[in-house]
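Okay, so here's the structure we're looking at.
The values are calculated or read from the model by the stated rules, or taken from the named source; none is laboratory data. Being a predicted model, the structure only gives us computed values, none of them experimental. Neighbour counts are summed over all protein chains in view; Cβ atoms, including those assigned to glycine, are modelled from backbone coordinates with ideal geometry. Surface accessibility is based on the protein's heavy atoms, side chains included, excluding ligands, DNA and RNA. Shrake-Rupley method; radii C 1.70, N 1.55, O 1.52, S 1.80 Å.
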Amino acid sequence: MKCSGAMSQVLNTMVWRTRRMMTPAMLRNELESVLESSVRSIWGDRIPDDFRAVVSGSNNLEYGDVSCQAAMRLAGIVKDNPRAIAGRITETLTGRIKGISSISIDGPGFINFRLSDNYLASTAFDLASSGLQSLLPDTGAGREVLVEFVSSNPTGPLTVGHCRQAVLGSTISSLLEASGWKVSREYYFNDTGRQMTLLGESLAARYSSAQGDEAVIPEGGYHGSYIIEWAADLSAELGTGLTWKRDRDTFIRFAEEKAMKMILSDLSLLGIEFDRFFAESELIPEAVTDAIEKLSRITIEGKSLVYESDSGKLWLRFTALGRPKDRVIIRDNGTYTYRMPDIAYHLDKFSRNYDLVVDIFGADHLDTSRDVAAALECLLGEKSVSAKLRVIIHQFVTLVKDGRKIKMSTRSGEFVTLRELINDAGSSDVTKYLFLTRRADAHMDFDLDLARKQSSENPVYYVQYAHARIAGILRTADEAGICSPVEFSGDVSCLLDGEYERELMRLLESVSVRVAAAADEMEPHRLTEILADLATGFHRFYQHVRVVDTDNSDVSEARLMLCRACRRCISDLLGILGVDAPDRM
RNA sequence: GCCCCCGUAGCUCAGUUGGAUAGAGCGGCGGUUUCCUAAACCGUAGGCCACACGUUCAAGUCGUGUCGGGGGCACCA
C-alpha cells in the first residue's frame with residue numbers, strides 16, 4: 001500500500017503515541033471492581049461476599065453503552081429504593097473511570113455508562129492493527145484442552161450428522177485457541193469388535209458376489225454401495241482367491257483402511273485436521289483390564305461395583321452410582337461392550353493431565369456419556385471430574401430438500417453423506433456456516449434449498465459480501481492514495497463523532513466481549529450472530545457515509561481505519577469458523 | 001416406561017449470571033442508485049413469548065404441572 005503526501009502530512013500534524021492497550025474486557029472488569037468497592041465502602045459487611053456488580057451491554061442507545069443493575073439487586077439487601085442506591089454508588093465514583101465519558105441513572109435504577117469516543121476509537125484501531133485476538137481475554141492462558149469430536153467408526157463415509165459434529169468440534173477448538181487455550185483435537189475410533197467383523201464380512205460378501213459366487217451380506221451388516229468398489233479394489237490388489245473363512249483379518253484390515261481414507265478425505269473437504277487418531281485397540285486388553293480392576297476394588301454399601309451374573313457376563317453396578325440401570329461390560333463371549341473401553345479411554349485422557357477435557361457427542365450418546373462420567377467420578381473423585389470434563393451433546397439434523405424432510409437410516413446404506421451434502425449445497429463454506437446458525441442442543445433442519453441460493457437470503461453470502469465490499473473500498477482508497485494511520489492518536493476520535501461512525505465503533509467494541517462469552521459457554525452459533533451484526537452494521541455505515549474522499553483526507557483516513565477494523569473482525573471470525581473471507585464477489 | 005431437546009412475528013430462528021419499549025433474516029407492502037460492489041440500504045405492517053400456577057421489586061429467561069411437536073434409550077458404537 002502506498003501513502004501519498006496527504007498521509008504524511010497527517011502523520012506530521014498529529015501526535016502519535018504508543019500506549020497501554022485497554023481491552024473491552026479490561027474496561028468492564030475495571031468498571032465492575034470500581035462499582036463493587038464503591039458498594040462495599042458504603043454498606044460494608046451488609047454486602048454478601050458473593051455479591052458482584054455485573055456490567056452488561058445496553059440494548060438501547062439512549063441508555064448508554066454499558067449498564068449495571070446492581071442497585072436493583074441491592075434494594076432488598078440494604079432496604080432502600082434502587083434509584084437512591086444508584087445515586088449513592090455513582091456519587092463516589094465520578095471522574096474516576098478510564099474510558100467512560102458520562103454516567104446516568106435511568107429507569108428503575110440502572111446505572112448507565114457512556115463509553116468515551118477516544119476509547120471507542122482506540123479499540124477500533126486496535127482491531128484494525130492487531131486483530132480480534134489481541135482484544136480477547138486470555139482465558140486459557142496457555143492451559144491445555146483436549147477436544148474429542150467426530151469419533152465415527154471406520155465403517156463408511158461420514159454422514160450429515162457427523163458433519164454437524166465436525167463443524168461444531170472444529171469451531172469450538174478454534175474458539176478455544178483464540179481464547180488462549182492450547183488445543184489438541186482427537187478422534188477416537190473403534191477398530192475392534194463386532195462392527196469391524198461385520199464390515200469385513202460385508203466386504204467379503206461383495207467380493208464373492210463380484211466373482212459370481214452366491215454370498216449374502218450378514219445380518220446387521222453394511223449395505224452401502226461403496227463396499228462394492230472396495231471389493232473391486234481388493235481383487236485388483238490381492239487377486240480373487242480370498243475367502244472369508246481363511247482371510248478374515250485381510251478383509252477387515254482392508255475395509256478399515258479404506259474407510260479411514262474415506263473419512264480423512266471427507267474431513268479434508270471441511271478443512272479439518274486432527275492431532276491424534278486414537279484407536280480402541282490401543283486400550284485392549286491392558287488399559288481396559290486395568291480399569292475393570294480398579295472398579296472392582298470399589299464397594300458401595302457393601303456391594304461390589306463389578307459383579308458376575310449366572311451366565312458368565314460381567315456387569316457394572318451403575319445403579320450404585322446414581323444411574324438408572326446396571327450395564328453389561330463383558331459379554332459371555334468375553335468381548336467388551338462399548339461402555340467399558342470408553343471408560344478406559346476417558347481414564348487415559350484424564351491421565352494425560354489436560355486442564356480441560358471436552359467431549360462432543362450426538363444425542364444418541366447421552367446415556368452412555370453419563371454412565372462414563374459417573375464411573376470417572378467414582379474413580380477420580382467427583383470434583384476433579386466435574387471441574388475438568390465438559391460434555392457437549394448436540395441434537396440431530398434433518399435434511400430438507402424441495403420443501404420436504406428426508407428420512408435417513410444409518411446401517412441400511414440409505415443416508416446422505418457429508419460429501420453429497422457439500423456438493424449439493426455448492427460449497428463447504430455454506431455448509432459450515434449454516435450448521436452454526438443454530439444452537440447445538442436444538443434440533444436442526446438443514447434447508448438445502450436455502451443453502452443453494454447464492455443471494456442475501458443465504459446468510460453466508462451476506463457476511464462475505466460485507467467483507468468483499470470493504471476490500472473494494474480499501475482498493476479504491478489505495479488507488480486514491482489514502483491510507484489509514486499506522487499509529488493511534490486520541491485526536492482521531494473527533495473525526496469519527498458522527499452518528500454512523502459511533503454506532504459502528506460501539507458494535508466493534510462489543511465484539512471481543514461477545515466472542516469471549518461464546519468461548520466460555522462453548523456456543524459457536526453465537527459467532528454467526530455476531531458476524532451478521534457486523535455485516536449489517538457495516539452495510540448501514542457504508543450506505544450513509546462516504547469513506548474515500550480526497551477532499552477530506554483526514555476524515556477519510558479515520559473512516560478507513562474503521563473499515564479495516566471491521567474487515568479484520570469479520571475475517572478473523574470467519575477464520576474461526578473455517579469459512580473463506582473473499583476480497584471480491 | 002425412562003431420558004434429552006423444542007414450543008417467541010406468516011416461515012426459519014436469536015434473545016448475554018432474571019432487568020428498561022421482546023429482536024434478526026426470509027416472505028408481504030412502500031421507497032432509495034449521476035456517488036467507494038443494489039449479493040446493499042431505509043420505512044412499514046405483523047407478537048396474550050404454548051397454557052396454568054409459583055418464586056421475585058422484576059420472568060421469554062428460574063421452579064412445578066398440563067398440552068403439543070421432535071429425538072434418543074442394545075449384551076451396536
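Tabulated data for the structure shown
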read-out: Lone unmet requirement of (1) closer than 27 Å to A:ASP478 by Cβ; (2) of a type outside the set (Lys, Arg); (3) open to solvent by 10 Å² or more (accessible area, probe 1.4 Å); (4) touching a strand residue (DSSP E or B) at 6+ places or on another chain (Cβ under 8 Å) for A:MET522; value: (1)
read-out: Residues of the range A:350-390 classified as within 16 Å of RNA strand B (Cβ to nearest atom) and either open to solvent by less than 50 Å² (accessible area, probe 1.4 Å) or in contact with a helix residue (DSSP H, G or I) (Cβ under 6 Å, 6 or more places away or on another chain) (or both), total; value: 12
read-out: Selection status of A:GLU509, in a helix (DSSP H, G or I) and either in contact (Cβ under 8 Å) with a residue 60 or more places away in the chain or in contact with a helix residue (DSSP H, G or I) (Cβ under 7 Å, 6 or more places away or on another chain) (or both); value: yes
read-out: All positions within the range A:207-238 that are in a loop (DSSP other than H, G, I, E, B) and open to solvent by 30 Å² or more (accessible area, probe 1.4 Å); value: A:GLN211, A:GLY212, A:ASP213, A:GLU214, A:ALA215, A:VAL216, A:ILE217, A:GLU219, A:GLY220, A:HIS223, A:SER225
read-out: Inter-residue pairs, beta-carbon under 9 Å, first assigned to a loop (DSSP other than H, G, I, E, B) and in the range A:527-556, second near RNA strand B (Cβ under 6 Å from one of its atoms) and hydroxyl-bearing (Ser, Thr, Tyr), 6+ apart; value: A:VAL547/A:THR476; A:VAL548/A:THR476
read-out: Unique match (being open to solvent by less than 90 Å² (accessible area, probe 1.4 Å), of a type in the set (Gly, Ala, Ser) and modelled with pLDDT of 85 or more) among A:SER4, A:SER8, A:SER37; value: A:SER37
read-out: Filter result for A:SER553 (touching a strand residue (DSSP E or B) at 6+ places or on another chain (Cβ under 6 Å), open to solvent by 10 Å² or more (accessible area, probe 1.4 Å) and either under 19 Å from A:PHE125 (Cα atoms) or within 10 Å of RNA strand B (Cβ to nearest atom) (or both)); value: no
read-out: Some residue of the range A:36-52 being under 30 Å from the mean Cα position of the chain (by Cα) and assigned to a helix (DSSP H, G or I); value: no
read-out: Some residue of the range A:123-130 being within 15 Å of RNA strand B (Cβ to nearest atom) and either among the aliphatic types (A, V, I, L, M) or not assigned by TED's automatic domain parsing to the domain that holds A:GLU257 (or both); value: no
read-out: Qualifying residue in the range A:56-78 (condition: among the aliphatic types (A, V, I, L, M) and either more than 10 Å from RNA strand B (Cβ to nearest atom) or assigned to a loop (DSSP other than H, G, I, E, B) (or both)); value: yes
